[in-house]
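Below is one structure, written out as structure tokens; comments come after it.
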């Protein structure tokens, strides 16, 4: 998990390089490639990079905000229940991120900080 911007940048560069390698490996030979092939490959690449970037930012933010969480409804201290995956609709499409999940033992409210 990246905890600083520099660590996050390095992680994202590595993930981008891997995504580019996968994209290029999936393309037909140069003499057979079409504009449709290029468009499909770059669309998948963009989705992978967006997914990796959002996940990295979520992890970095959680490293900073990790600590005691309090229920906004009853103010009880919440218990961390591990990580959960959640589909998030963004302005650029839908992605899945994995975040810490907290549950209030008093009222049962669940939350994925930081929001």
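What follows draws every value from the coordinates through simple rules; no lab data is involved. Because the structure is predicted, anything quoted here is derived from the model rather than measured. Glycine also receives a Cβ, built like all others from the backbone with ideal geometry; neighbour counts cover every protein chain displayed.
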Checklist entry - Would you pick out the residues in region 78-93 that are over 11 Å from the mean Cα position of the chain (by Cα) and either more than 24 Å from residue 44 (Cβ to Cβ) or part of a strand (DSSP E or B) (or both)? => result 78, 79, 80, 81, 82, 83, 84, 89, 90, 93
Checklist entry - Taking region 2-45, which residues are loosely packed, with under 11 Cβ neighbours inside 10 Å and outside any helix (DSSP H, G or I)? => result 28, 29, 34
